[in-house]
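K.L.:
The structure follows.
Quick note: the coordinates plus some simple rules give every number you see, no bench work behind them. None of the values given here were measured: they were computed from a predicted structure. Please note: Cβ atoms are built from the backbone with ideal geometry, for glycine as well, and neighbour counts cover all protein chains shown.
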Amino acid sequence: MIKKKFIFIISSLFILSGCLDSENKNNKEITFVASTAIVADIISVITGKKINSIIPNGFDSHTYMPSAKELAIIDDADYIIVPDENLNSSLTGLLKLSKNKNQIIDLNKLALSTDDIIINNKNANPHTWTSLSNMRKWSNFLLNFIIKKNNKDEKIYKENYNIFIAELDKLEESISKSSLVGKKIVVYHDAWDYFGKEYNINIIGAIQARNFVEPTAKEISLIIKQIKDENVKSFFGSEVYPSDILDIIERDSGAKYISELSDDILPKNSNFKSKSLYLEMMQMNINNLKKGL
Ligand SMILES: [Zn+2]
């Protein structure tokens, strides 16, 4: 009996020291900020606490540069979570100057494998989150990362994560059974390549260059030709890119321009039951894509 008790005490001590051995030894709450609204949304959903985004929702995440006041939110954060260091390399440069680079967590690099990444013109396309299965990998990585840093709320984080994943699964299933599968879609921005690959949707166009210069006259006539050749009824873009060029393309191609597609702006008003604004954004995109086909 005494021997049993002794073994119990020893093993309890062992378990306890195992706990203490985790990274967060002094139990101080580790804090996070995100560079984009989508990443902030996912961390907020998992932790159940509002996480700030350096780039305010509604601004172009490729080019936005925060003011000194906006950047000040990183001062109190232990980690800055970014979708991809190359999404906005000027901002990444600024963050590296302000923080230790180990405190910048690049989700594409750490949560995805090279097979998950699409290469366009020798450059890795950073918009991996338009694929729901990539988002599942991101959020799984985030769950484990957050638990490793703040293990006392592990149970809550896992519960929140499971609800999020169940909703994501449901949305994924509805897309895979929808009329979008196997269709052709003409888009103005290369963010949708991941979405297209996942659901066997042929993504055509993406005329806007990665450095966001306006397309040349030659590129415009190419996209007009593509729209005519593909015989599509509509082409899609986002209001982040207001451009007279889209009007020209609409006029000369005869296809209707649908501007409500969003790859990085979260809806302001909640129209769905989901807690995650990212999932709502994707649901709205699905609805808009269906309207245009
Ligand atoms: Zn983009």
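K.L.:
How much length would be gained if the chain were fully extended between residue 49 and residue 154, taking 0.36 nm per residue of separation minus their Cα-Cα distance, in nm to one decimal?
P.N.:
Using 0.36 nm per residue and subtracting the Cα-Cα distance, I get 36.4 nm.
K.L.:
Also, quick follow-up: What FRET efficiency, computed as 1/(1 + (r/R0)^6) with R0 = 22 Å and r the Cβ-Cβ distance, is obtained for residue 244 and residue 94, rounded to the nearest 0.05?
P.N.:
0.10
K.L.:
Where in the range 29-80 are there trypsin sites (Lys or Arg not before Pro) that are in a DSSP coil and have at most 14 other Cβ atoms within 10 angstrom of their Cβ?
P.N.:
49, 50
K.L.:
Next up: I need the calculated FRET efficiency for the pair residue 221 and residue 123, taking r as the beta carbon distance and R₀ as 30 Å, to the nearest 0.05.
P.N.:
0.80
K.L.:
Rounded to the nearest 5, what % of the DSSP beta bridges within the range 177-292 are antiparallel ones?
P.N.:
Here the antiparallel bridges make up roughly 10 percent for the range 177-292.
K.L.:
Taking amide hydrogens as modeled 1.01 Å from N in the peptide plane, which residues meet the under 5 Å criterion relative to residue 186, leaving out close sequence neighbours?
P.N.:
Placed amide hydrogens put 204, 236 under 5 Å from residue 186.
K.L.:
Any idea what angle helix 277-292 forms with the longest principal axis of the chain, computed on alpha-carbon atoms, 0 to 90 degrees, nearest 10?
P.N.:
It works out to around 20 degrees.
K.L.:
By how many degrees, 0 to 90 and rounded to 10, does the Cα axis of helix 154-176 deviate from the longest principal axis of the chain?
P.N.:
30
K.L.:
If you don't mind, there's one more thing I want to ask. For helix 244-253, report the angle its Cα long axis makes with the longest principal axis of the Cα atoms of the chain; keep it between 0 and 90° and round to the nearest 10°.
P.N.:
60
K.L.:
Now for a separate question. For the chain, with only Lys/Arg (+1) and Asp/Glu (-1) charged at the beta-carbon, what is the dipole magnitude about the Cα centre, in debye rounded to 20?
P.N.:
1120
K.L.:
Evaluate the distance, in nm, between pseudo-label points positioned 7 Å from the Cα of residue 31 and of residue 202 along their respective Cα→Cβ axes.
P.N.:
Taking the two extended label points, one gets 5.2 nm.
K.L.:
Multiply the residue gap between residue 233 and residue 114 by 0.36 nm, knock off their C-alpha separation, and tell me the result in nm, one decimal place.
P.N.:
So the extension gain works out to 39.4 nm.
K.L.:
Per-residue HN-Hα couplings for the range 45-60, Karplus 6.51 cos²θ - 1.76 cosθ + 1.60 at θ = phi - 60°, whole Hz, x for Gly and Pro?
P.N.:
Running phi through 6.51 cos²θ - 1.76 cosθ + 1.60 with θ = phi - 60° gives 5, 5, 7, x, 10, 5, 10, 7, 10, 5, 8, x, 4, x, 10, 5 Hz.
K.L.:
Also, I was wondering about something else. Give me the lysines in straight-line cross-link reach of residue 148: C-alpha distance below 25 Å, same-chain residues under 8 apart excluded.
P.N.:
Partners found: 25, 28, 49, 50, 96, 99, 101, 109, 137, 158, 275.
K.L.:
Before rounding to the nearest 500, sum -39500 (n - 2.57) across all DSSP H runs of length at least 4 in the chain and divide by the residue total; then give [θ] at 222 nm in deg cm²/dmol.
P.N.:
After summing the helix terms and dividing by the residues of the chain, the value is -14500 deg cm²/dmol.
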